[in-house]
Amino acid sequence: MGFGKKMIGKYEIGRTIGEGTFAKVKLGVDSTTGEYVALKVQREIRTMKILHHPNIVRIHEVIGTKTKIYIVMEYVPGGQLSDKMLYSKRLNESEARKLFQQLIDVVDYCHNKGVYHRDLKPENLLLDSKGNIKVSDFGLSALMHKPGGLLSTACGSPSYVAPELIANKSYDGAAADIWSCGVILFELLAGCLPFDDRNLLYLYKKITRAQYECPQWFTERQKKLISRLLEPNSIKRITIPKIIEDEWFQKDYVPSCSNEHYEDIDLDDVKTAFDSIEDDNNKKTKFGSEHAIHETIKKIEAAATDVSLSVERMNNFKMKMHRKTKMTRCCRSYIELSAEVIAVTPNNCVIEISKSTGEIGVYREFCKSLSSLLTDKPESSQKQEPDKVNSNSKSTQEKEW
């Protein structure tokens, strides 16, 4: 009944059965009872134990019980940078530069510690009350034990992943993180991604060829730096010391200071346990619909079709939407959303959309499509007199919290 593989305590460790934000989930078996269990490898805790920087979300404490592990982390009130971008679109140059400077400081600090994040994206960049970056989610990070080594496990989010990861070869973790920083800088200044396509094959072709277009408002200095960050040849790609020397980067630059005086968290007693930590990156959005429930559900299904999501009805009020694409062993994409419709009156509903996993871009596209469909007035409203329609035009817009 055992796996005949690695042992952790009394458990034999088998194959990977899941991958979460905080951990990789392994199938295990109790060597004394033969009972199957799920074991989470808490990589993020181990990595963050050695990282003490003002722009990295800090773990205050890890509390282990017989059934759970609780990670007590610093509260960052400003939310995700991706949320700010969703409503602000592009940032002004000075704000984008400040955030990029802080990001580079963090990445430089991590690399000097031998840690490579491997999943840098706006969803993993939080903002504190003063608008400063706090890097989070080291669940996919790698710890290099010897300088100059190469990594072999392909990680990251499709739109931010470096070309060398797509090639499915060993790669330099530092260069891969720098590429992701380049994508983020482009997004901060442009309000959109440099590489974006619903078809993964086309997306990866654009990335490997560094095929992108800068908006007309980009300055020459911005274009020059981004072109060096998004250099498809990792050997020729700009390094962090050169980024810091860059003229555009240097303006108003104030280096961050690490907090090496922080005490390490004692994790010796926290090894393996069942885990009930929820993914803080789950997204939820609520809409108001001035349509009957059956019509509202049709609009949700239509919005899902618009972004190539398959719909699975759970009951009359709930549904799941998902899409899974696999290109190669390292290039895959999976998105899962859920929708619940609550009838308030016969012709008014509340819709709650949740993203459990996957790229934020697809989630945004779906919400945008649904928002547009919900603004279509019910047939009864179309028959109102023109002055009545105009006076009620604001109330027919969807309400988003």
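The values are calculated or read from the model by the stated rules, or taken from the named source; none is laboratory data. All figures in this text were calculated on a predicted structure; none of them were measured in a lab. Neighbour counts are summed over all protein chains in view; Cβ atoms, including those assigned to glycine, are modelled from backbone coordinates with ideal geometry.
Structural remarks
- Boolean, K236 is under 29 Å from S170 (Cα atoms), out of contact with any helix residue (DSSP H, G or I) (no Cβ under 7 Å at 6 or more places or on another chain), assigned by the TED database to the domain that holds E187 and part of a helix (DSSP H, G or I): no
- Pairs meeting the criteria (first residue in the stretch 294-305 and within 11 Å of S369 (Cβ to Cβ) and touching a residue at least 60 places away in the same chain (Cβ under 8 Å), second residue among the aromatic types (F, W, Y) and assigned to a helix (DSSP H, G or I), beta carbons under 6 Å, at least 6 apart or on different chains) are A303/F366.
- Within the stretch 161-210, the residues that satisfy the criterion of being over 19 Å from the mean Cα position of the chain (by Cα) and at positive phi are N168, A210.
- Selection status of S333, under 17 Å from the mean Cα position of the chain (by Cα), part of a strand (DSSP E or B) and either of a type in the set (G, A, S) or at pLDDT below 65 (or both): yes
- Evaluation of K10 against the conditions (1) farther than 30 Å from S356 by Cβ; (2) at pLDDT 85 or above; (3) touching a Ser or Thr at 6+ places or on another chain (Cβ under 9 Å) shows that the sole unmet condition is (2).
- Residues in the stretch 177-209 that are assigned to a helix (DSSP H, G or I) and over 17 Å from P122 (Cβ atoms): L200, L201, Y202, L203, Y204, K205, K206, I207, T208.
- Hits in the stretch 117-128 (condition: in contact with a Gly (Cβ under 6 Å, 6 or more places away or on another chain) and either crowded, with 20+ Cβ neighbours inside 10 Å or in a loop (DSSP other than H, G, I, E, B) (or both)): R118, D119, D128
For (1) in a strand (DSSP E or B); (2) of a type in the set (S, T, N, Q); (3) out of contact with any helix residue (DSSP H, G or I) (no Cβ under 6 Å at 6 or more places or on another chain); (4) at pLDDT below 70, each residue gets a yes or a no:
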{"site": "L337", "(1), (2), (3), (4)": "yes, no, yes, no"}
{"site": "V341", "(1), (2), (3), (4)": "yes, no, no, no"}
{"site": "K355", "(1), (2), (3), (4)": "yes, no, no, no"}
{"site": "G361", "(1), (2), (3), (4)": "no, no, yes, no"}
{"site": "F366", "(1), (2), (3), (4)": "no, no, no, no"}
{"site": "L373", "(1), (2), (3), (4)": "no, no, no, no"}
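- Flag if D196 is acidic (D, E), modelled with pLDDT under 95, more than 17 Å from E95 (Cβ to Cβ) and touching a His at 6+ places or on another chain (Cβ under 6 Å): no
- Restricting the stretch 289-330 to residues that are of a type in the set (G, A, S) and at pLDDT 85 or above, the residue that is nearest to N199 (Cα to Cα) is S308.
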